[in-house]
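The structure under discussion appears below in the form of structure tokens.
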Amino acid sequence: MNRVEGRDKVTGRARYAYEYPAEDVAYAYAVQSPIAHGRIRSIDASEALATPGVLAVLSSADPPALGSRDDAELALFQTHEVAYHGQIVAAVVATTSETAREAAQYAVRIEYDAEPHHVRLRTDHCGLYRPDKVNPAFPTDTEQGDVAAGLARAAVTIDATYTTPTEHNNPMEPHASMAVWEENGDLTLFDSIQGASDDRDTIASVLGLPPERVRVISPHVGGGFGSKGTTRPNAILAALAARAVGRPVKIALTRQQMFDVTGYRTPTIQRVRLGADAAGRLTAITHDVVEQSSTIKEFAEQTATPTRVMYAAPARRTTHRLVRLHVPTPAWMRAPGEAPGMWALESAMDELAIAAGIDPIELRVLNEPAVEPESGLPFSSRNLVACLREGARRFGWANRDPEPGIRLEGRWLTGTGVAASTYPARRRPSRASAAVEDGDFVIRIAAADIGTGARTVLTGIAAQTLGSPAERVRVEIGDSALPRASLAGGSMGTASWGSAVVRACEALLKNGAEGTADTTEDVESDSGFARHAFGAQFAEVRVDIDTGEVRVPRLLGVFAAGRVLDEKLGRSQFIGGMTMGLGMALMEETVVDERSGAFLNHDLAQYHIATCADVRDIEAVWIEEEDPHLNPMGAKGIGEIGIVGTAAAIANAVYHATGRRIRDLPITPPKLLG
Ligand code: MOS
């Protein structure tokens, strides 16, 4: 299907959070800490308050009343302590955004007592500790079999450390909010967010309101990639500012502010050890991860979890260790866990294939597990081998040079690489309603369309269930007043919301007038199968022998992700993920300045993401997969799997092109030269 809101978007009729009109609206702008650790000694807002147009200054000099301070990233202006550079320490509210910004930057005088800060992740940091669980609720460590014995009896071993840098989500639409307090004390919040229901609950809890007194409206969202998966300080700031001045208040974060307060992907240091017998069968796998969180909140990424899923081995260990640094709290970024974890595991598998003299595809096929390695559960479906085989056929893998570093075309060394991909197929409880109004079907669910095409695919799901043309189905989403739904995250949107929409439509067909559904029981009774999508990523690269510049003339992804519900939307999700994987491989890195604790390259001029010119021949295909153990649509999530494995496929291709193994992302020219 074409996007049902496509015309609204290209004509500007689709409204984003910042674009809603309001009478007497005021604007807020955040003041951010210039120190990475310490304490506010004094705040002088007099000059700001004397500036024409300034309505209020919020700060810890006069802490606003909150209902909950549990989330320190959202409990604004409650303490004089500073936990990281760029933390929001005050805000100016004014009649224009320019006045608010000028006063915030030049007329609020804050003195600080700075203390030493630590912002660099190291494996020998004295603060290293073992979190109780990793995101969202996986065991921190797992161990099966005798790892030492498995490694000792291996004919071939790999022991290598792979690292990833801090990366930022960078959705096109900045985080933005408008808060409107109604006369009865209810709050309406226009927010750019991946889930209106959860956002509403969080905002209500922070402000100390019952959830039914808060309404979040969010029909169009210009991307999130996880950074809008949880409530961000801009929403709370808008609500507090509007309460302080008695007018609606808008706030839009600048691109530079987004780097500080909307989350990011933690850097990782990952040690992977693999042992294999002479035939290439794994005897042991270990994956030990070190990553960071802030001093005010724990976020522990589940980096090693794909290693619990991917390959058969009699012995396996996965661990996660965290260091609390004077940095903002990391959060979700597209395929948290799988994207960095599979970069390490799939790079190590390539190294093992070379060390063992086995084709990297055959090595993976050899180590296919009969059941999910960690849990022993049967897979609901697992077609990794089919993806590898189909990809090899389409990509022309059989013609690959047997040796690395031998194909020089002009100034370009060329090579190819492969890596596997995986992502969990999960669901969360959701509700939906279906009704007939003026002869059309109207579906209501508090789902979110963050650019994925959620509204469109739900329209298609409803139309198919109702046996109606799609033109007669209208889907209302993006409003917490609609039936409660899970967020657009974890690649769970379509599976979760679609299940509720199918059941609501079936109920409507039975009753005639209206149908409602709540999938809580259904989703919570899901058990007995390990459910994951799989894929195979193929890359061709060219490396300039003089400059070290890497180009990617060809990317192919082959996925097994259940039923793909819409070919056009599905392909967009896959190639979007692969494009982000290309950026992860070659460009994306947020540089931390150790002296100030600040992120240095905090804009799109200096934080490079893949653009059209970086992407040449990119294709995503999928194999037909029938999986009856998922949901009424037979679909697995596809929002995140596209990024998983791409960076490893490119790094493996760089090795094949040059004979140089890069274990530290991104693969920039200096790492290849010299
Ligand atoms: Mo996505 S990182 O699961 O919001």
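The values are calculated or read from the model by the stated rules, or taken from the named source; none is laboratory data. Just so it is clear, the model here is predicted, and its values are computed rather than measured. Note: ideal-geometry Cβ built from the backbone for every residue, glycine included; neighbour counts use all protein chains shown. When the accessible area is computed, the model is the full protein with side chains, heavy atoms only, and any ligands, DNA or RNA have been set aside. Shrake-Rupley method; radii C 1.70, N 1.55, O 1.52, S 1.80 Å.
Key figures for this structure:
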quantity: Subset of the range 518-555 (residues that are open to solvent by 50 Å² or more (accessible area, probe 1.4 Å), closer than 28 Å to residue 645 by Cβ and in contact with a strand residue (DSSP E or B) (Cβ under 9 Å, 6 or more places away or on another chain)); calculated: 529, 542, 545, 549, 551, 554
quantity: Test: residue 480 is over 18 Å from residue 7 (Cβ atoms) and surrounded by fewer than 18 Cβ atoms within 10 Å (Cβ to Cβ); calculated: no
quantity: Every pair of residues 6+ apart whose Cβ atoms lie under 8 Å, when the first sits in the range 418-432 and is free of Cβ contacts under 8 Å to residues at least 12 places away in the same chain while the second is in a strand (DSSP E or B) and open to solvent by 10 Å² or more (accessible area, probe 1.4 Å); calculated: none
quantity: Scan of the range 464-494 for residues that are outside any loop (DSSP other than H, G, I, E, B), away from the ligand (no atom under 13 Å from the Cβ) and of a type outside the set (Val, Ile, Thr), ordered by number; calculated: 464, 466, 470, 471, 472, 474, 476, 479
quantity: The listed residue being closer than 22 Å to residue 479 by Cα, within 16 Å of the ligand (Cβ to nearest atom) and buried (at least 24 other Cβ atoms within 10 Å of the Cβ), out of 224, 263; calculated: 224
quantity: The listed residue being in contact with an Asp or Glu (Cβ under 8 Å, 6 or more places away or on another chain), farther than 22 Å from residue 5 by Cα and not hydroxyl-bearing (Ser, Thr, Tyr), out of 158, 193, 236, 217; calculated: 158
quantity: Cβ-Cβ under 8 Å pairs, at least 6 apart or on other chains, the range 588-608 side assigned to a strand (DSSP E or B), far side of a type in the set (Gly, Ala, Ser); calculated: 592/598; 599/86
quantity: Given (1) in a strand (DSSP E or B); (2) closer than 30 Å to residue 119 by Cβ, number of the condition residue 250 does not satisfy; calculated: (2)
quantity: Residue satisfying all of: in the range 266-281; in a strand (DSSP E or B) and surrounded by fewer than 23 Cβ atoms within 10 Å (Cβ to Cβ); nearest to the chain's Cα centre (by Cα) among these; calculated: 269
quantity: Residues that are farther than 30 Å from residue 224 by Cβ and either crowded, with 23+ Cβ neighbours inside 10 Å or in contact with a Ser or Thr (Cβ under 7 Å, 6 or more places away or on another chain) (or both), drawn from the range 16-40; calculated: 40
quantity: Single unsatisfied condition, residue 230 versus (1) under 25 Å from residue 266 (Cβ atoms); (2) away from the ligand (no atom under 16 Å from the Cβ); calculated: (2)
quantity: Conditions (1) buried (at least 19 other Cβ atoms within 10 Å of the Cβ); (2) assigned to a loop (DSSP other than H, G, I, E, B): number failed by residue 581; calculated: (2)
quantity: Qualifying residue in the range 635-647 (condition: among the aliphatic types (A, V, I, L, M) and either over 25 Å from residue 345 (Cα atoms) or in a strand (DSSP E or B) (or both)); calculated: yes
quantity: Matching residues in the range 584-607 - criterion: being open to solvent by 30 Å² or more (accessible area, probe 1.4 Å) and of a type outside the set (Asp, Glu); calculated: 587, 591, 592, 595, 596, 600, 602, 604, 605, 606
quantity: Flag for residue 653 being under 23 Å from the mean Cα position of the chain (by Cα) and away from the ligand (no atom under 16 Å from the Cβ); calculated: no
quantity: Candidate set from the range 183-221 (those that are within 16 Å of the ligand (Cβ to nearest atom) and open to solvent by 10 Å² or more (accessible area, probe 1.4 Å)); member that is nearest to residue 578 (Cα to Cα); calculated: 198
quantity: The range 41-83, residues that are open to solvent by less than 30 Å² (accessible area, probe 1.4 Å) and more than 17 Å from residue 234 (Cα to Cα); calculated: 45, 48, 53, 54, 82, 83
quantity: Breaking point among (1) more than 16 Å from the ligand (Cβ to nearest atom); (2) buried (at least 22 other Cβ atoms within 10 Å of the Cβ); (3) hydrophobic (A, V, I, L, M, F, W, C); (4) within 30 Å of residue 199 (Cβ to Cβ), for residue 300; calculated: (1)
quantity: Hey, residue 215 within 25 Å of residue 591 (Cα to Cα), of a type outside the set (S, T, N, Q) and in a strand (DSSP E or B) or not; calculated: no
quantity: Out of 619, 624, sole residue that is part of a strand (DSSP E or B), open to solvent by 20 Å² or more (accessible area, probe 1.4 Å) and charged (D, E, K, R); calculated: 619
